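Asks: Once you've had a glance at the structure underneath, I'll fire off some questions.
We did not get these values from a lab; they are worked out from the coordinates using the rules stated. Small disclaimer: the values here were computed from a predicted structure and weren't measured. All Cβ positions, glycine included, derive from the backbone under ideal geometry; neighbour counts span all protein chains shown.
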Amino acid sequence: MMDTESFLAEAIATGTIVGIRLGSSLRDVDQALRIPFAEEVDETGTGYLRRDYGLIELSFGSHPDWACNSILIEVHRLAQQQDLIDEWRAAHNIALARYTTWGSVQKILSEHYRLADMKIVAQGDTVAFRSSDPRFSVTVMSPGGSRGDWPGGGDIVSIDIF
C-alpha cells in the first residue's frame, strides 16, 4: 500500500496519478479512476470540461476529443473528509493521511527524483513552491498555523500539475 508522501511525491515528479496524466483522454480517466465524480461542462462554446473526484480535480480541453490539461490535488480536503481517505484506500490501495507536510514530500523527492530548482512565492497565509520542469505548484501553509479542519503550518494545501 502506498502512503501519502510517496503518492504525492510520485504525482509531482511524474505528473501521474493512478495512470492519469496531462493529455489523458476521458476514456483513459474512466478506466483508471474508480471513484464517483461531479462534472461541469462549459456551455459557452469554449470547450471546457471539469471533473471533481473529491481529492483531485481534472480539467479537460479540446472538445470533442477531451484531453486532460490540468490536475489539481486538493490535499486540504483530507483534513475533514474521512470518506475521501476511505474511498482512495478501497479503490486505489493508497493510505492517505489527514495532513501531509511539505518537508516529508520534499525528502522523498530529493532521494528518488531529479527536479529543477523551485521558485518560492509567499502568498499571505501560504507559500507556493513552483517548478518549470516538471511543471507543478505546491501550496503550503506558512509556519505557525495549527491543524484542525484545515492543514496547519508546513502542511500541503494543494498541488497543481499543469
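Asks: Quickly run through segment 148-162 and pick out the residues that are within 13 Å of V75 (Cβ to Cβ) and either surrounded by fewer than 16 Cβ atoms within 10 Å (Cβ to Cβ) or not β-branched (V, I, T) (or both).
Replies: Those that are within 13 Å of V75 (Cβ to Cβ) and either surrounded by fewer than 16 Cβ atoms within 10 Å (Cβ to Cβ) or not β-branched (V, I, T) (or both): W150, P151, G152, G154, D155, S158, D160.
Asks: Restricting to segment 95-108, name every residue that is of a type in the set (A, V, I, L, M, F, W, C) and surrounded by fewer than 19 Cβ atoms within 10 Å (Cβ to Cβ). Please lay out each step first, then the result.
Replies: Within segment 95-108, the subset of a type in the set (A, V, I, L, M, F, W, C) is 95-97, 102, 105, 108.
Hits for segment 95-108 are A95, A97, I108.
Asks: Going through R21, R50, R77, R34 one at a time, which residue ends up being over 23 Å from I156 (Cβ atoms) and among the basic types (K, R)?
Replies: Result of the check over R21, R50, R77, R34: R34.
Asks: Please specify each residue of segment 109-129 satisfying the condition of being surrounded by 12 or more Cβ atoms within 10 Å (Cβ to Cβ) and of a type in the set (V, I, T).
Replies: In the first step, residues of segment 109-129 are kept if they are surrounded by 12 or more Cβ atoms within 10 Å (Cβ to Cβ); the result is 109, 113, 115, 118, 121, 125-129.
Matches in segment 109-129: V121, T126, V127.
Asks: A further question follows. Report, by residue number, each residue of segment 130-147 that is closer than 20 Å to I71 by Cβ, crowded, with 19+ Cβ neighbours inside 10 Å and free of Cβ contacts under 8 Å to residues at least 40 places away in the same chain.
Replies: Our first condition is that a residue be closer than 20 Å to I71 by Cβ; within segment 130-147, this holds for 130-140.
Okay, now just the ones that are also crowded, with 19+ Cβ neighbours inside 10 Å, so 136, 138-140.
Those that are closer than 20 Å to I71 by Cβ, crowded, with 19+ Cβ neighbours inside 10 Å and free of Cβ contacts under 8 Å to residues at least 40 places away in the same chain: T139, V140.
Asks: Still on this model: Name the residue that is nearest to P64 (Cα to Cα), counting only residues in segment 7-37 that are outside any helix (DSSP H, G or I) and polar (S, T, N, Q). Break it down stepwise before answering.
Replies: Step one: of segment 7-37, the residues outside any helix (DSSP H, G or I) are 15-25, 33-37.
Those still in the list that are polar (S, T, N, Q) too: 16, 24-25.
Working: T16: 23, S24: 14, S25: 11 Å.
Result: S25.
Asks: Quick one: Q80 ticks every box in (1) surrounded by 15 or more Cβ atoms within 10 Å (Cβ to Cβ); (2) in contact (Cβ under 8 Å) with a residue 12 or more places away in the chain except a single one, so which number is it?
Replies: (1) is the only condition that Q80 fails.
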